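Novice: If you scroll down you'll find the structure; I have some questions about it.
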Amino acid sequence: MRSLRMLAVAGVALTFAGLGPAVAASASPTASTRQWTSSFFVKGQDADGDAAATSPDGSMVYVAGAAHVGEVQAYNAATGAVIWQHRLSRYPKLLQSAFTSIAVSPDGSTVFVTGYTQIKGGSTEFHQVILAFGATSGTLLWQLVSPDISDASASPVAVSPDSSTVYVTNAILQQTVAYSAATGAVVWTAPTGGNA
């Protein structure tokens, strides 16, 4: 059985959140050391960590994935302590779900995740989901659920440099949509889509 697992490792030539000294370019490489390991287990379910992102200041690590349900967790980058977590299954009408992509706004205020879910009592098709969280608190700021799509599909997400707009593509829906980062309102839609 797999478990959603996130590792934060100090790079050989990088200083990451104060975990290790920078190595000069002329110095010979040294072996990396594991700083911490964190995992979660859901009985009777396989679990996957599908996407990870860090806060702009390097103090937080965010991981998105699934264990039959969509799961996102925020970790302290220095210690691996869980700061907050959100599980999509807490909503009683949602069934099988997964988060497949994650992005942090450049100003460090918001975490955006995308993925898919099935809705209890509806069709057997999946729906695209997009959620926005307060980066430090994990507060759910807004959530969108698309119309039916014919298959579960990863939906890459990116944020504009000024942190005002979120862009999400979808290969099945064949579209790219720009959303207001503050409210989730649609800014524009273009008839093109993709997996990356």
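Novice: Inside the stretch 106-120, can you point out the residues that are β-branched (V, I, T) and either more than 14 Å from Y62 (Cβ to Cβ) or open to solvent by 20 Å² or more (accessible area, probe 1.4 Å) (or both)?
Specialist: T117, I119, listed by residue number.
Novice: In the set A103, A81, A74, which member is at pLDDT 85 or above, out of contact with any Asp or Glu (no Cβ under 7 Å at 6 or more places or on another chain) and surrounded by fewer than 18 Cβ atoms within 10 Å (Cβ to Cβ)?
Specialist: So the residue among A103, A81, A74 that is at pLDDT 85 or above, out of contact with any Asp or Glu (no Cβ under 7 Å at 6 or more places or on another chain) and surrounded by fewer than 18 Cβ atoms within 10 Å (Cβ to Cβ) is A81.
Novice: Of all residues in the stretch 156-179, how many are more than 16 Å from the chain's Cα centre (by Cα) and either closer than 19 Å to H127 by Cβ or open to solvent by 30 Å² or more (accessible area, probe 1.4 Å) (or both)?
Specialist: 11
The values are calculated or read from the model by the stated rules, or taken from the named source; none is laboratory data. On a predicted model such as this, the values are computed, not experimentally measured, just so you know. Positions of Cβ are generated from backbone atoms using ideal geometry, with glycine treated the same way; all protein chains shown enter the neighbour counts. Please note that ligands, DNA and RNA were not included when accessible areas were found on the heavy atoms of the full protein model with its side chains. Shrake-Rupley method; radii C 1.70, N 1.55, O 1.52, S 1.80 Å.
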